[in-house]
Number of protein chains: 2
Amino acid sequence: MKPAAERLLDAAETLFADYGYNGVSVRQIVERARVNLGAVPYHFGTKENLFKQALYRRAVPLRIERETLIRQLNQNGKSPSLEDVLWALLEPALRTSHENDSFRKLLGRASMDPAPEVRKLMTEIYNPDFLFVPKELRKACAHLPNEVFYWRLNCFYGVMLFVLADTGKIQTIAGKNFDTSSTEKALEHIIPFLAAGFRAPV
Amino acid sequence: MKPAAERLLDAAETLFADYGYNGVSVRQIVERARVNLGAVPYHFGTKENLFKQALYRRAVPLRIERETLIRQLNQNGKSPSLEDVLWALLEPALRTSHENDSFRKLLGRASMDPAPEVRKLMTEIYNPDFLFVPKELRKACAHLPNEVFYWRLNCFYGVMLFVLADTGKIQTIAGKNFDTSSTEKALEHIIPFLAAGFRAPV
DNA sequence: GCGCTTATTATACGCTTGTATGAATCGTGC
DNA sequence: GCACGATTCATACAAGCGTATAATAAGCGC
């Protein structure tokens with residue numbers, strides 16, 4: 001059996017993803033993890049820190065992988081295409097997430113969670129991305145005026161987060177046989193959409 | 001001074017928009033509304049119903065307005081352009097919302113709130129849209145295969161909700177002088193992006 | 001197999017939560 | 001100006017919350 005701290009992280013990941021930070025109590029987490037209530041103060045101190053660790057456990061490696069991918073793309077000599085950049089930005093998140101449904105949702109939903117504790121953590125962990133992601137996209141869209149670029153970047157984030165969060169809205173409309181579980185298929189559809197959007201005439 | 005029930009709805013709208021359903025207590029709402037605690041059970045019964053009424057108060061008129069706009073578009077004889085349909089679908093939500101920041105956020109964020117109570121209400125109120133919105137967009141994108149269309153519809157919802165929710169992410173990146181408060185400007189940038197995405201070659 | 005660190009347990013504390021209720025107050029038709 | 005329905009009020013309740021802690025158990029180098 002996994003150690004208690006790890007089982008707590010697993011349970012926290014799933015529950016926070018499904019019900020949000022304020023929708024889950026510490027007692028619900030320990031019950032799912034089959035762990036004593038005192039284990040939370042012992043291993044993590046506070047609920048907020050448990051949430052933070054559950055997020056960091058996967059988000060930090062993911063961020064590093066994304067940066068590595070982009071670096072490789074740039075090392076190839078010539079400047080990468082818009083599609084390549086979009087792919088490098090989206091693929092790690094989508095793949096990690098499709099290997100692990102809970103974390104995909106957690107990442108997507110936490111990015112939109114208005115709770116101050118969550119917002120604080122998200123800007124903390126994604127401040128490096130705040131500088132990195134736009135910079136790479138900017139290079140691939142050098143011709144766009146600033147204002148236009150930022151509005152389109154806004155659209156990019158919207159699409160990315162909505163796909164990650166996986167609210168099931170599309171299934172409700174398209175029916176159960178519509179499949180969103182394949183990373184390749186998701187990228188195959190999303191990237192052309194976004195690329196066309198970024199390339200739209202001003 | 002406004003009656004207590006209305007002030008409760010106003011306070012609920014703002015607070016739920018900023019902190020989420022589970023991030024706000026009834027006591028915080030009555031304090032902001034300058035109303036006695038007992039007024040909530042008296043006028044609304046439960047917290048959940050207060051949330052529901054705060055949502056319905058503006059969401060129902062908005063939905064009706066959207067449907068009217070689309071109907072007018074179709075009455076003009078020839079079938080409307082993709083841009084026209086996108087405009088009719090987005091404009092009421094964005095305008096209502098820019099006249100009332102709280103409700104914009106509330107609508108966008110509630111759409112992504114994972115709390116079961118919220119999900120229940122959102123599908124309840126937006127079931128008519130679930131049939132309506134896609135049908136209109138589908139007509140304007142008749143050439144797309146089903147699977148492609150639904151993935152692009154997914155992107156559409158992502159963009160719409162992210163713009164509504166207004167998380168401030170773009171300001172963090174683009175700086176304070178980047179303005180998202182103008183409805184016209186928002187539509188002017190979002191619609192070409194989405195239209196190009198829907199028109200991307202398969 | 002003793003000793004010491006690390007982990008787990010049961011339990012308790014003070015506080016906040018949503019909701020309920022009976023008494024006080026208000027507004028208004030007569 | 002009084003009576004009566006509609007509202008507002010202070011207060012109470014049980015349940016759940018996050019966190020703390022002292023006692024117990026387990027792991028392990030020696």
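What number, rounded to the nearest 500 deg cm²/dmol, is the helix-based mean residue ellipticity at 222 nm of the protein assembly as shown, given -39500 (n - 2.57) per DSSP H run of at least four residues and division by all its residues?
-25000 deg cm²/dmol
Hey, what D do you get for the protein assembly as shown in µm²/s if you plug the Kirkwood alpha-carbon radius into Stokes-Einstein at 4 °C and 1.567 mPa s?
Translational diffusion coefficient: 58 µm²/s.
Count the net charge of all other residues whose Cβ sits under 14 Å from the Cβ of residue A:188, scoring Lys and Arg as +1 and Asp and Glu as -1.
Result for the neighbourhood of residue A:188: -2.
Mind checking the full-extension length gain between residue B:120 and residue B:42? Use 0.36 nm per residue of separation minus the Cα-Cα distance, one decimal, nm.
25.8 nm
Setting aside same-chain residues fewer than 8 positions from residue A:2, which aspartates and glutamates have a Cα under 13 Å from its Cα?
Partners found: A:10.
Under 13 Å from the 7 Å Cα→Cβ point of residue A:143, by amide nitrogen: which residues of region B:187-202?
The answer is none, because no backbone nitrogen lies closer than 13 Å to the label point.
Can you compute the modelled spin-label distance between residue A:185 and residue B:75, with each label point 7 Å from Cα toward Cβ, in nm?
The modelled label-to-label distance comes out at 4.1 nm.
Based only on the alpha carbon positions, what is the Kirkwood hydrodynamic radius of region A:100-202, in angstrom?
The answer is 15.4 Å.
Using only alpha carbon pairs under 8 Å that are at least six residues apart, calculate the relative contact order of region A:59-202 and give it in whole percent.
Computed value for region A:59-202: 33 percent relative contact order.
For the cross-link pairs A:139/A:169; A:169/B:139; B:139/B:169, which exceed 27 Å when the distance is taken from alpha carbon to alpha carbon?
A:139/A:169; B:139/B:169
For helix B:4-19, report the angle its Cα long axis makes with the longest principal axis of the Cα atoms of chain B; keep it between 0 and 90° and round to the nearest 10°.
60 degrees
Filter the trypsin sites (Lys or Arg not before Pro) in region B:61-123 to those in DSSP coil with at most 14 other Cβ atoms within 10 Å of their Cβ, and list the result.
Passing sites in region B:61-123 are B:78.
In 10 Å bins starting at zero, report the fraction of Cα pairs in region B:34-160 per bin as a rounded %.
The calculated distribution, bin by bin, is 11, 37, 32, 13, 5, 1.
Using a 10 angstrom cutoff on alpha carbons, build the Gaussian network for chain B and name the most mobile of B:114, B:61, B:145.
B:145
Quick note: the coordinates plus some simple rules give every number you see, no bench work behind them. On a predicted model such as this, the values are computed, not experimentally measured, just so you know. Cβ sites come from the backbone with ideal geometry, for glycine too, and all protein chains shown count toward neighbours.
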